[in-house]
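Report on the following structure.
No lab work stands behind these numbers, since they all come straight from the coordinates. This structure is a prediction, so every number in the text was calculated from the model and none was measured. FYI the Cβ positions are ideal-geometry reconstructions off the backbone, even for glycines, and counts take in every protein chain you see.
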Amino acid sequence: MTTLIEALGLSVERSGRQVLSHVDFAIQPGEIVTVVGPNGSGKSTLLKALIGAVPVAQGVVKRKQGLRVGYVPQKLDVDPSLPMTVGRFLDLPVKVAAPERLRALKEAGAESLEDRQLADLSGGQFQRVLLARALLNKPDVLFLDEPTTALDQPGSAAFYRLIERVRDQLGCAVLMISHELHVVMSASDRVICMNGHICCEGLPEVVAQAEEYRALFGTGTQGALALYRHEHSHSHDDGCSHA
């Protein structure tokens, strides 16, 4: 199986401070990987380094030749007074063929929104539109940076179920950052716990029991995480590896 993105010994500095230290990471086709960690732990920096949006101080990032990437930001501020339909928004900055636009909207569960004004959308609807925009590129890897920050828990759960369906339909890999551990665990094949470096990683239920994870998050979410049921059979390591 071809590795889509691999980071070896990755370190990143911002404003003279080391944000990431010696991170090794790889993602395979069809895999859903969730990165968790406290604020300031380098989660978003890792995502941006993998995309190539921030410079790397040490190490290397390898990407499959011709890799296509889709990106869903944490939020996107749009002037509510700006008259713009969803279809027009998807046409920026380059006009998209109508069938491609409709395909992406359908994949994101937003086909009924094409003629709606952006300002009239709910938070969940707008995130589906941002997902559709990311899917226009037919990505090999879909990056999501805390995409449900503005949604309530049922809305977040519905969005993560949608991400699972997108992965199943398109076969793309998904790398997402989340703070909603209890919601996102069931949608993840692998969880990476970060705090400037990778503290531990593995299957969700294994990471939830790891000492490093509990040191960062306590045991308050243990009951919710214990409800996790791993519904798919995957070949990756069942253990929690330590950095």
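Under a 10 Å cutoff between Cα atoms, tell me which one of LEU170, LEU135, LEU20 has the largest fluctuation in the Gaussian network model of the chain.
LEU170
If a/c stays under 1.5 just call it rounded; otherwise compare a/b with b/c (prolate if a/b is bigger, oblate if not). Do that for the stretch 136-197, with a ≥ b ≥ c from the square roots of the Cα gyration tensor eigenvalues.
In terms of gyration-tensor shape, oblate.
In deg cm²/dmol and to the nearest 500, what is the mean residue ellipticity at 222 nm of the chain if only DSSP H runs of at least 4 residues count, each as -39500 (n - 2.57), divided by the residue total?
Theoretical 222 nm ellipticity from helices: -8500 deg cm²/dmol.
Roughly how tilted is helix 153-170, in degrees to the nearest 10 and between 0 and 90, from the longest Cα axis of the chain?
Result, in degrees: 90.
Hey, in the GNM for the chain with a 10 angstrom Cα cutoff, which one of ASN39, ASN137, ASN195 fluctuates hardest?
Result for the chain, Cα springs under 10 Å: ASN39 fluctuates most.
Can you tell me, using C-alpha contacts under 8 Å and at least 6 residues apart, the relative contact order of the chain as a whole percent?
On the way: 454 pairs, mean separation 58.4, N = 243.
It comes to 24 percent, rounded to a whole number.
Give me the dipole magnitude in Debye, nearest 20, for the stretch 24-75 about the Cα centre, with unit charges on the beta carbon: positive for Lys and Arg, negative for Asp and Glu.
Roughly 200 debye, rounded to the nearest 20.
Could you give the size of the charge dipole of the stretch 21-172 about its Cα centre, using +1 on the Cβ of each K and R and -1 on the Cβ of each D and E, expressed in debye and rounded to the nearest 20? All intermediate terms of the calculation are to be shown ahead of the outcome.
Values: 19 positive and 17 negative charges, 92 e Å.
For this selection, approximately 440 debye.
Which of rounded, prolate or oblate describes the stretch 105-163 when judged by the alpha-carbon gyration tensor and an a/c cut-off of 1.5?
Oblate shape, in that a/c is at least 1.5 and b/c is the bigger or equal ratio.
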